[in-house]
Amino acid sequence: MQFEYKVEGGDFTQAGHASSQIKKSLKQLGVDSSVIKRVVVALYEAEVNIVAHAYRGVIYADIESTGIKLTLEDEGPGIPDVEQAMRKGFSTASHAVREMGFGAGMGLPNISENADNLSIETVVGKGTTLRIEIKF
Amino acid sequence: MKVKEIVDLLSLKVYSCEDSLQGEVTGGYASDLLSDVMGHSKEGQVWITLQTHKNIMGVASLRDLSAVILVKGFTPDDETVKLSVTEGVPLLGSDMEAFELCGKLYEVLGTQK
């Protein structure tokens, strides 16, 4: 089962839409609720990252019998230092984004803690692609 | 303890879902950082926060929280109330500060066990 969602940078009103849809699909498929929770955390954070940092992006979700593969491709500033970005508390979010309670430097660490596999490809000035895999 | 009992015991305002306050409250989580709540809250908890924008309802629903309580008399945005209704997660409020509200909530939940 494959899904595709478009995400606009800066549009917090739609943030979480893809996560909500995927959660419903996984529930319908009878996936274990502890696994659904992990998928939801990882996907929500990745979705918010596109809204908070990139210009636009696309989320591809591929649900198979053994697990879910999420690919989040964005056009954006890229991440100059991935190791630093993975550190808890490190954030480059704007003041406005922080005031909303986002951008506390917990996004990527949350994704990493909940994913079975996480890979980040990023080119400064072009964009970032996140690949998240969670097994059922 | 049901959401309705907490509303009555702590004299909370009910901004939405007045007719569906039957969810079971398993505990509470206090934070104004959405990623913190996303990563660490547990199903059935009520979330105490001063954030009022609609994304709080998205997080509450995704995490299967039992309700959200706004502190210090903060009122929710219209969009927040709407999403609360759509997702069926009650949105509540209090004039108390977070510290006081958490203390009272801890007390009433504690007597249940």
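The values are calculated or read from the model by the stated rules, or taken from the named source; none is laboratory data. Bear in mind the structure is a predicted one, so any value in this text is a computation, not a measurement. No Cβ is skipped: glycine too gets one built from the backbone with ideal geometry, and neighbour counts run over all protein chains shown. Note: areas computed on protein heavy atoms with side chains; ligands, DNA, RNA excluded. Shrake-Rupley method; radii C 1.70, N 1.55, O 1.52, S 1.80 Å.
Side notes on the structure shown:
- For segment B:104-111, the condition holds for no residue, the condition being that it is under 10 Å from the mean Cα position of the chain (by Cα) and touching a residue at least 40 places away in the same chain (Cβ under 8 Å).
- Residue list for segment A:1-57, filter: among the aromatic types (Phe, Trp, Tyr) and more than 10 Å from chain B (Cβ to nearest Cβ): A:Phe3, A:Tyr5, A:Tyr55
- Of the residues making up segment B:53-82, those that are aliphatic (A, V, I, L, M), at the interface with chain A (Cβ under 10 Å from one of its Cβ atoms) and closer than 15 Å to A:Lys23 by Cβ are B:Met57, B:Val59, B:Leu62.
- Among (1) more than 13 Å from the chain's Cα centre (by Cα); (2) within 12 Å of another protein chain (Cβ to nearest Cβ), the one test that B:Leu50 misses: (1)
- Matching option when the condition is more than 10 Å from chain A (Cβ to nearest Cβ), open to solvent by 10 Å² or more (accessible area, probe 1.4 Å), under 11 Å from the mean Cα position of the chain (by Cα) and not basic (Lys, Arg), among B:Gly88, B:Gly28: B:Gly28
- Among the residues of segment B:63-82, those identified as over 14 Å from the mean Cα position of the chain (by Cα) and in contact (Cβ under 8 Å) with a residue 24 or more places away in the chain are B:Asp77, B:Glu79, B:Lys82.
- Test: B:Gly93 is small (Gly, Ala, Ser) and either closer than 27 Å to A:Lys88 by Cβ or open to solvent by 20 Å² or more (accessible area, probe 1.4 Å) (or both): no
- Restricting segment A:12-36 to residues that are in a loop (DSSP other than H, G, I, E, B) and over 20 Å from B:Ala60 (Cβ atoms), the residue that is least open to solvent (accessible area, probe 1.4 Å) is A:Val31.
- Residues (under 19 Å from A:Thr66 (Cβ atoms) and under 15 Å from the mean Cα position of the chain (by Cα)) located in segment A:24-47: A:Ile36, A:Lys37, A:Arg38, A:Val39, A:Val40, A:Ala42, A:Leu43
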